[in-house]
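Every number here is computed from the coordinates shown, using simple stated rules; none is lab data. From a predicted model like this one, the values you see are computed outputs, not experimental measurements. All Cβ positions, even for glycine, are placed from backbone atoms using ideal geometry, and neighbour counts span all protein chains on display.
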């Protein structure tokens, strides 16, 4: 009897392991096919873009990669909307090498070079969570190219980031094992909206393979622990700050800090929302952001016409 149970357990483990490997390989193939590599004067950068119209530079969080944002845009149904979303992988993530930019300032330089390569003069910049420091650096050092800044549950000052310390393959396997449970828990926050499951699946899948994101994750952990006082006074573009009051990953104090230092910034609080508001509150978030993008892009276009 014991031998039979052992055989069944071994067989079940083997089947699970095989399914895990198939799942991870499929994700890796998709990662390489959905983005391109561009060589700029500032370094190599991986990026993808979706949609048409007003340019928007959207910077992913920690950990992540371009796929984190791409999955979110697709789930929200805005990938083909009235904006051209340009989505890079920040240095150290996926195929963007770390030497393309370790600090937020260096990453801002890389993204400015990417926009130049793509023929984009100005863009609205969105910093999500760990993408906040790079977005702030862009608005500070490349103000002439930033038609507007959106800080979405964004880190704006020194913050600690945990690392799992697990071997990459083991971390990937654990994510696979608990993937369905995590999706179900996220869906339970908005049981009436089946789209939430697609959001949750995209977020979870953008963690894998962890080995191709580990360098960027470690760099963020080092950089964010020592963020110096940013030159908020140099940010002259219109700024929209969106944050949940119950966010424990990036406390709302980060949003309050930025709002108190960026002149004329607009601060919208989502009462009771945590860091997952990027998913659970997507309808209201994209409504507010699209309105901001439309207004600021129209102003930027008018200024170009006036001086042209």
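Details
- Whether segment 172-273 is rounded, prolate or oblate, judged on the alpha carbon gyration tensor where a/c under 1.5 counts as rounded: oblate
- Cα-based helix-to-principal-axis angle, 2-33 vs the chain, degrees rounded to 10: 20
- Alpha carbon centroid spacing (whole Å) that separates segment 45-96 from segment 21-36: 16
- Gain on full extension, evaluated as 0.36 nm per residue between residue 39 and residue 218 minus their Cα-Cα distance, stands at 62.1 nm.
- Across segment 261-282, the residues whose backbone nitrogen lies under 11 Å from the label position 7 Å along the beta-carbon direction of residue 245 are 269-273.
- Segment 34-303 shape via C-alpha gyration tensor axes, a/c threshold 1.5: rounded
- Residue among 144, 271, 256 with the largest mean-square fluctuation in a Gaussian network model of the chain, springs linking Cα atoms under 10 Å: 271
- Computed [θ] at 222 nm, deg cm²/dmol, the chain (DSSP H ≥ 4; -39,500 (n - 2.57); rounded to nearest 500): -16000 deg cm²/dmol
- Distance from the alpha carbon centroid of segment 236-299 to that of segment 122-185 works out to 14 angstrom.
- DSSP-defined beta bridges in the chain - what % are antiparallel, rounded to 5: 30
- The chain: most fluctuating residue of 147, 158, 129 per GNM, C-alpha cutoff 10 Å: 158
- The ranking of 85, 66, 282 by Cβ neighbour count inside 10 Å, starting from the fewest, reads 282, 85, 66.
- Computed from the C-beta positions of residue 288 and residue 261, the FRET efficiency with R₀ = 25 Å rounds to 0.70.
- Against the chain, whose longest principal axis comes from its Cα atoms, helix 104-117 is set at around 80 degrees.
- The fewest-to-most ranking of 89, 33, 276 by surrounding Cβ atoms within 10 Å reads 33, 276, 89.
- Mean sequence separation of contacting Cα pairs (under 8 Å, at least six apart), scaled by the length of segment 34-303, corresponds to a relative contact order of 20 percent.
- Ordered by the number of other Cβ atoms lying within 10 Å of each residue's own Cβ, fewest first, 93, 176 fall into the sequence 176, 93.
- Length added when fully stretched, residue 193-residue 269, from 0.36 nm per residue minus Cα-Cα: 25.2 nm
- Rounded if a/c under 1.5, otherwise prolate or oblate - segment 126-235, Cα gyration tensor axes: oblate
- Residues of segment 123-151 with amide N under 19 Å of a point placed 7 Å along Cα→Cβ from residue 295: 123-127, 146-151
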